[in-house]
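Read the structure below first, then the notes.
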Amino acid sequence: MTLRLDLFLKKTHLLKRRELARELCEEGMVRVNGTPRKASFEVKPDDELAFPIYNRALKVRILGIPEGNIAKSDQWSFVEILEDRRLPVDEGAFDDPTLPRPKPPREH
């Protein structure tokens with residue numbers, strides 16, 4: 001059984017929105033088995049996904065493909081975290097669209 005990459009990221013609660021998954025895929029930031037893939041790529045069990053999200057870089061292995069929607073508490077039966085790295089916050093880090101932007105200073 002297979003599932004689209006963007007839909008898998010959304011259904012397993014790795015990303016909150018399918019649109020964010022599509023954007024990351026379009027920019028070549030989601031890798032399946034080391035290769036950047038489009039949102040429409042079909043993933044299957046044992047594939048390894050690597051992608052940045054906010055100030056982290058995740059690498060996960062797919063254990064199974066969900067049928068329908070799943071509860072957040074069940075997400076770990078479908079993915080195994082292989083790596084969870086914190087990304088340094090420096091001037092170049094804000095070129096990444098998945099990272100939160102610094103707020104401009106407010107004038108009082």
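Listed values, structure above:
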{"read-out": "In region 58-98, the residues that are at pLDDT below 75 and hydroxyl-bearing (Ser, Thr, Tyr)", "value": "98"}
{"read-out": "Checklist (1) among the basic types (Lys, Arg); (2) touching a helix residue (DSSP H, G or I) at 6+ places or on another chain (Cβ under 8 Å); (3) not in a helix (DSSP H, G or I) applied to residue 59, failing item", "value": "(2)"}
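This table checks each residue for (1) under 12 Å from the mean Cα position of the chain (by Cα); (2) surrounded by 15 or more Cβ atoms within 10 Å (Cβ to Cβ); (3) of a type in the set (Val, Ile, Thr).
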| site | (1), (2), (3) |
| --- | --- |
| 10 | yes, yes, no |
| 22 | yes, yes, no |
| 28 | yes, no, no |
| 34 | no, no, no |
| 38 | no, no, no |
| 73 | no, no, no |
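The values are calculated or read from the model by the stated rules, or taken from the named source; none is laboratory data. Everything quoted here is computed from the prediction, not taken from an experiment. Positions of Cβ are backbone-derived with ideal geometry, glycine not excepted, and every protein chain shown enters the neighbour counts.
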